[in-house]
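One structure below.
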Amino acid sequence: MHPVVAEVTARLEERSRPSRSAYLSRIRTAADQGPARGRLGCANIAHGFAAAEPDEKVALRGRTKPNLAIVTSFNDMLSAHQPYGDYPPVLKQATVRAGGIAQVAGGVPAMCDGITQGRDGMQLSLYSRDVIAMSTAIALSHDMFDGALMLGVCDKIVPGMLIGALSFGHLPTVFVPAGPMASGLPNSEKARVRQLHAEGKVGRDELLEAEAASYHSRGTCTFYGTANSNQLLMEVLGLHLPGSSFVNPGTPLREALTRAAAARAVGITHQGAADEATPIGEVVDEKAIVNACVALLASGGSTNHTMHLVAIARAAGVALTWRDLSDLSAVVPSLCRIYPNGSADVNHFHAAGGIGFLIRTLLQHGLLHEDVRTIMGRGLSHYTREPVLRGAHGGELTWQEGTEVSLDRDVLRPADDPFSADGGLKVLTGPLGTGVIKVSAVKPEHRVVTAPALVFDDQDDFLVAFGEGRLDGRDLVAVIRYQGPAANGMPELHKLTPSLGVLQDRGQKVAIVTDGRMSGASGKVPAAIHVTPEAALGGPLAKVRDGDLVTVDAERGLLGIDVPDLHERVATGRALDGDEWAGTGRELFATFRATVGAADTGASVFGSYGVPLTEVPLVQHV
C-alpha cells in the first residue's frame, strides 16, 4: 500500500473503533440464519403476503426461500429513474429462477437538481437525502426480508438509499443501476451555448435547443456530476455488479445485468450459498470507505461526496473526516478527464476502459485496498473485469478481464502517467472557516485569486448585478452566504457558473466563496464551497463586507481575508425566517433546518451515530 493510504486507513480504523464495534454488534445481533419472516406472528405475515399471487403466497408461507425487498426510485418524469418502471417484473422473475422471491417493499422520492436549479425547490434537495434514507428504512422495516435490491441512480438518491440500507446492515444488499443516456450534444458545446446566453448573444430558443439535445432520452445525464460519481462509487464499494454502472438503458447487456443482480442478491443471503452471506454492513467498512475516497479523487468526482461519503461512513460507524480526504488527495493522482473536467462524457470514459481500468491501475500502484468484501466475494480485483454477452444467441452473461491499457489517454490514464499528481480536491482553511475546492477543471493560472469581496445573501442578487454590468472590468471574489444546511438547505449554485465564466474569459480575476454547494459541475472558476461554520450559525462569512480583500488559494489550501479584526465585527445579513419559508414545501422542513449538522460532518439530521465529531484539526492559516 502507498504509505499515506495505509496511514489514513490506520488512523480511520483507530478513530472509528468504538463506533464501528457498536455498529457491528448491532447488525450481527439482528442477523437471521433463516428467513426473517419466520419470526413474525401469523397475523403479521398474513398482512405481508395478502396481495401476493398464489404461488408467491406459497413461497412466502414457507421457511426456506429468501425474500428480497425491492426499493425503487422510479418515476417517469426524470430520465435517470424512468427505466426503473420496467425493473420489478424482471427482478422478480430472475429472483424466482435463482431460488428466491421478491416484493416491491417501497419507493423513495427522487428529485432532480437539474430541474430545481436556481429555484426554491433546490432548497429541499440536500434534505431529500435524509428523507430517502428514512423512506428506505420504512420500506425495510417490516421484517419480511432476507436481502434487498436498491434501484437508484442520481444525486441524493443513492447516498440516501445507502444510509437507509446501512441501518439494516445485516441484510445483503445489491445496488442496481439503470445506466446513462446515449451521448447527445457534446457537453462542451452545451456549456458554450449557456455562456453565450448569459452574455445575451443567443436567445432562449437557442438555449433550449442545446439543452434538449444534451438531455434527450432515458438514462442519467452523461456529464460527470454527482449522479455518475454515485455509480462509480457503488462499484468501487463492491455494491454493484462489476462493469455495470455505465451500460446504457434499453440494451441487451443492461437487461442481462439487471437479471444477474437479482440472482446475485439471492446468492449472498444466508439462505444462498452457505459461505457467501454478505451483509451490507460488513461490506462498507473503513477500507471500503478509503477505496471510495481514492476513486472519487482519482476520477475527479463530485464535491457533493465530501458530505455524502462522510454521512455514509457515519451510518456504518466509520468516522471519516475532511482531513482524511485532504491527505488522500495530496497523493492520489488525477487519472480522468470527464466533463466538466474535460470534454469527454461518461460513455466515452466507459469505452476507454472505464471503472475496470481505473480500479486496475489504482490497485497496481497500491492506492486501493484489494482485501475487501464485495457482493462478488472477497477482493476488489473482481472489479477489474467487464461483462460481456456470449453464446449462440448472445444471451449468456459472463465476465472477462477488462483492458490493461487505456484506450484513450486523453480521457483515462494509468497511475504512472497521470494528468496531475494530486486528486484535484483541496480542503481550504483560514479565518473564513473551512471549505473544499475542486481544481481538476480549474487551470493553474486561476487557482490563486486575491481580490475584493462582493457580498450577496442570495444568488439572484449576484445575477442581477451581473446583468446590470456592475461586475464588469473588476477583479472580485463573490461571497454568496446564508446558503448553508441550516440556512436554507444548502442549494447548489450552478446558475452562477456561466456568468462567472464570462467574467473570467474577459480577463478578470474571479472566484466564489460560499457556504452553499456547486457539486461536480463547478467548472473552470475557482469555487470555495461548503464553507463551515456557515453564516447562519455565526460563521465568519456573516462578517465579510464589500471591498474586503479575500484570498482563495488552492495551491496552499488557504481561505483568507485581510481583516485582522474580523472576529470583532458585527454580523450582517440573515437567512430567511418564519413565514418567508412558505411555498414549495419549504415550510415542512423547519425541523431539518433547526437540527441539520455541519457540512464537514455530513450535513445530516441524523446526528453522529455515536461517531466522534472531532479530531485533530486541520492547520489554520492566519
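Heavy-atom surface analysis with a 1.4 Å probe gives the chain a carbon and sulfur content of 53 percent of its accessible area. Helix 187-198 and the longest principal axis of the C-alpha atoms of the chain enclose an angle of approximately 40°. Sorting the segments 341-348, 209-216 by their mean number of nearby beta carbons within 10 angstrom, highest to lowest, gives 341-348, 209-216. Stretched out straight at 0.36 nm per residue, the stretch from Lys57 to Arg39 would grow longer than its current Cα-Cα span by 4.8 nm.
Put simply, when 297-305, 7-15 are sorted by average Cβ atoms within 10 angstrom per residue, most first, you get 297-305, 7-15.
Legend: distances between Cα atoms for Lys57/Lys156; Lys201/Lys438; Lys156/Lys201; Lys495/Lys524; Lys65/Lys92; Lys65/Lys156; pairs beyond 25 Å are Lys57/Lys156; Lys201/Lys438; Lys156/Lys201; Lys65/Lys156. Between segment 466-519 and segment 232-249, the alpha-carbon centres lie 34 Å apart.
Please work out whether segment 1-137 counts as rounded, prolate or oblate from its C-alpha gyration tensor, where a ≥ b ≥ c are the square roots of the eigenvalues and a/c under 1.5 means rounded, while otherwise a/b larger than b/c means prolate and anything else oblate?
oblate
In terms of its C-alpha gyration tensor, segment 455-586 comes out oblate, because a/c is 1.5 or above while a/b does not outweigh b/c. For the peptides 421-430, 156-165, the ranking by packing is 156-165, 421-430, with the highest mean count of neighbouring Cβ atoms within 10 Å listed first. The slack in the chain from Asp417 to Glu189, taken as 0.36 nm per residue of separation less the alpha-carbon distance, amounts to 79.3 nm. Rounded to the nearest 20, the Cβ-based charge dipole of the chain about its Cα centre (Lys and Arg +1, Asp and Glu -1) stands at 1100 debye. Calculated from the structure at hand, Rg and Dmax of the Cα atoms in Å is found among (1) 27.2, 105; (2) 26.7, 90; (3) 23.9, 77 as (3). With the simple spin-label model, which puts each label point 7 Å out from Cα in the Cβ direction, the Gln364 to Glu13 separation comes to 2.7 nm.
Leaving out ligands and nucleic acids, and using a 1.4 Å probe, what accessible area per residue does segment 208-310 come to in Å²?
22 Å²
Ranking Ser406, Gly356, His369 by Cα position along the charge dipole of segment 342-419, where only Lys, Arg, Asp and Glu carry charges on their C-beta atoms, puts His369 farthest toward the positive end.
Taking a Cβ cut-off of under 12 Å around Asn291, the surrounding Lys, Arg, Asp and Glu residues balance to a net charge of -3, with basic ones at +1 and acidic ones at -1. Ligands, DNA and RNA aside, Asp371 has an accessible area near 80 Å² when probed at 1.4 Å. Would you please classify the overall shape of segment 325-413 from the alpha carbon gyration tensor, given that a ≥ b ≥ c denote the square roots of the eigenvalues, rounded means a/c under 1.5, and beyond that prolate means a/b larger than b/c while oblate covers the rest? Oblate, since a/c reaches 1.5 and b/c is not below a/b. How much mean residue ellipticity at 222 nm does the chain get from its helices, if each DSSP H run of length 4 or more adds -39500 (n - 2.57) and you divide by all residues, to the nearest 500 deg cm²/dmol? The per-residue figure over the chain is -10500 deg cm²/dmol. Computed from point charges on the beta carbon alone (+1 for Lys and Arg, -1 for Asp and Glu), the dipole magnitude for segment 5-65 about its Cα centre is near 240 Debye. The gain in end-to-end length when the His393 to Asp565 segment is fully stretched comes to 54.5 nm, 0.36 nm per residue minus the alpha carbon separation. How many percent of DSSP beta bridges within the chain run antiparallel, rounded to 5? Of those bridges, close to 50 percent are antiparallel. Once you reduce segment 322-396 and segment 572-595 to the center of their Cα atoms, the two points are 41 Å from each other.
The values are calculated or read from the model by the stated rules, or taken from the named source; none is laboratory data. Everything numeric here is computed off the predicted structure, so don't read it as measured data. Virtual Cβ from ideal backbone geometry, glycine too; neighbours counted across all protein chains shown. We work out accessible area using only protein heavy atoms, side chains counted, and drop any ligands, DNA or RNA first. Shrake-Rupley method; radii C 1.70, N 1.55, O 1.52, S 1.80 Å.
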